[in-house]
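Asker: This is the structure I want to talk about, given as structure tokens.
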Amino acid sequence: MNRHLLLISNPGNPQDENYSPTAKDALDRWEVFFRSPIGGYWQDEEITRFGEERSIDPDSLRRLMIPLNTVQCQYSIIVFCGHGCCTTDGKEAIQLPIPDAKNHQLLPTDELLAVGLSHVRRTVILDACRSLIPFSSSQLFEQRQYSSIYSIDGDECRKYYDYLIMQASPHVEILYSTSDHHKAYGTLNGSLYADTMSNLVRQKVSIWKVHAINDPNGFFCYTMRDLHNDLTSALAVNNIQKPDYEVRGRASASFPFAAMHLPTDRTIYNDNAIVEVIED
């Protein structure tokens with residue numbers, strides 16, 4: 001499958017009060033998760049990082065996104081960690097810093113969503129504020145935490161992950177860490193949104209481990225919609241941050257956030273279906 005993962009960070013300017021030096025760490029953490037077997041087993045050539053440098057040119061970001069919008073790209077994930085806002089005219093944007101200045105360049109989030117392109121399959125994760133005063137970063141994901149149960153085969157998980165993507169019709173899913181016109185809250189380790197998500201995934205993997213004992217096929221999936229619903233329920237306990245979720249286009253199914261296939265059998269895949277399961 002032709003797929004691409006674009007990781008973008010913006011810690012802000014060092015002189016700003018809301019400067020977030022952990023933005024680079026946040027990007028590392030997301031990358032570690034998506035490289036893990038259940039996170040899609042993304043490879044070097046499929047991953048692009050943007051925003052490590054102090055100056056972030058919106059036009060350079062737009063050029064990076066051109067291949068993601070082509071018919072050849074079958075699926076893409078865009079993750080933004082850093083500062084976002086809602087402009088006075090009600091449009092949402094991510095903030096890109098200008099070196100040695102206190103103002104920012106704004107890139108409308110619509111430019112990440114492939115508006116008007118009906119062939120695109122994409123998930124966009126925005127771990128950022130949606131108010132005029134932004135702050136956010138992400139929680140540590142340790143790849144080994146998701147790979148130590150049984151003998152998970154990354155290639156098998158990747159095949160299943162790709163299969164689930166192609167079962168969904170072209171559409172775009174957007175996961176917001178907070179609701180419109182609200183802040184996203186930080187924690188000592190990163191952000192409330194990402195901390196909660198990390199805990200949910202660990203719980204899910206623990207459940208999969210138990211069920212796998214009795215499941216002869218060992219197929220397990222946690223969709224983007226499932227993740228949002230669980231995040232909403234978990235964060236409702238403290239009632240300080242309410243995530244948001246949006247689908248653009250007609251989605252026949254939600255894209256996978258995590259997918260696992262335990263190698264207890266050999267599975268034959270084609271482009272559209274699991275053809276046959278052969279017991280060893």
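No lab work stands behind these numbers, since they all come straight from the coordinates. Computed from a predicted structure; not experimentally measured. A quick note on method: Cβ atoms are made from the backbone with ideal geometry, for glycine too, and the neighbour counts reach across all protein chains shown.
Asker: Lys and Arg at +1, Asp and Glu at -1: add these up for the other residues within a Cβ distance under 11 Å of L113 and post the number.
Answerer: Computed value for this residue: -3.
Asker: A further question follows. So, counting K/R as plus one and D/E as minus one, what does the shell of residues with Cβ under 13 Å around G249 add up to?
Answerer: +2
Asker: Within a 10 angstrom radius of the beta carbon, how do K209, K204 rank from fewest other beta carbons to most?
Answerer: K209, K204
Asker: Here is a further query. Counting only residues 5 or more places away or on other chains, whose amide H sits under 5 Å from the amide H of V124 once H atoms are built in the peptide plane?
Answerer: I78, E173, I174, L175
Asker: Now for a different question. By a straight-distance test (C-alpha under 29 Å), which lysines pair with K159 as possible cross-link partners, with residues fewer than eight away in the same chain excluded?
Answerer: The qualifying lysines are K204, K209.
Asker: Go through 28-40, 107-119 and give me the packing order, highest mean Cβ count within 10 Å leading.
Answerer: Result, highest mean first: 28-40, 107-119.
Asker: If neighbour count is taken as other Cβ atoms inside 10 Å, put F50, F80 in order from fewest to most.
Answerer: So the residues, fewest neighbours to most, are F50, F80.
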